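Here is the structure we will look at, set down as structure tokens.
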Amino acid sequence: MCHRADMTRRPRASRALTLTVAGLLLVATGCGGDDGSGDGGGDGASGDFSGAGDIPRLQGEACEAQVELTGAVERSLDGEGVVDVSDSDVAPPATYQIGDGEGDDAVLLTLASAGNGFEDPSVIVLAGTDSYVVPFGEGAVEVADDGSGAEVDAPASNPTGEAPVQVRATFSC
């Protein structure tokens, strides 16, 4: 049951949680079994996903971000990212994001800190219609739960088995 006091915090926390869950669902739906159709698709949630440009951008406080993606995705992002700090007990304490481009050219990097039931920080890269995730425990992933910053140097894999993306990112907030 929802308490009225809790509802005042939900919209902000829900955005961070929705974004994190949406990214994880995109990755999870790509991991399903082979349905034999040969199109790599299925009836899962990813059927309506037409690219990183469709994901709403996180609202939050501005912070400086430098990102270098190499491998399957080659992109440098340098400029203003955002951080959203949540005091909700159902969302990561801090979520960081930077994106660039539109449509098939869009790239979106989202980092979520550990805490509030999230045991490990998460790193999600959406590039066009492809999604990549850093497996828990891989590489160097430090995501501050207070919104002060994050550093990542880790490989992100694609559930379809394509070449990985090396993520090097620094958020200074």
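Laboratory data are not the source of any read-out in this text; all were calculated from the coordinates shown. Because the structure is a prediction, the values reported are computed rather than measured. Glycine also receives a Cβ, built like all others from the backbone with ideal geometry; neighbour counts cover every protein chain displayed.
For a label point 7 Å from the Cα of residue 102 along Cα→C-beta, name the residues of the stretch 121-135 whose backbone N is under 15 Å from it. Under cut-off, by backbone N: nothing.
Rounded to the nearest whole Hz, the Karplus-based 3J(HN,Hα) values (6.51 cos²θ - 1.76 cosθ + 1.60, θ = phi - 60°) of the stretch 83-99 follow the sequence 10, 10, 9, 10, 9, 6, 8, 10, 9, x, x, 9, 10, 10, 7, 8, x, with x at glycine and proline. Using only side-chain charges placed at the Cβ, +1 for Lys and Arg and -1 for Asp and Glu, the dipole size of the stretch 128-173 relative to its Cα centre rounds to 120 debye. Working from label points 7 Å from Cα in the Cα-to-Cβ sense, the residue 163 to residue 138 distance is 1.5 nm.
If you put +1 on each Lys and Arg Cβ and -1 on each Asp and Glu Cβ, how big is the dipole of the stretch 66-155 around its Cα centre, in Debye rounded to 20?
Values: 1 positive and 20 negative charges, 25 e Å.
With only Lys, Arg, Asp and Glu charged at Cβ, the dipole is about 120 debye.
Approximating the spin labels as points 7 Å out from Cα along Cα→Cβ, the residue 172-to-residue 88 distance works out to 3.1 nm.
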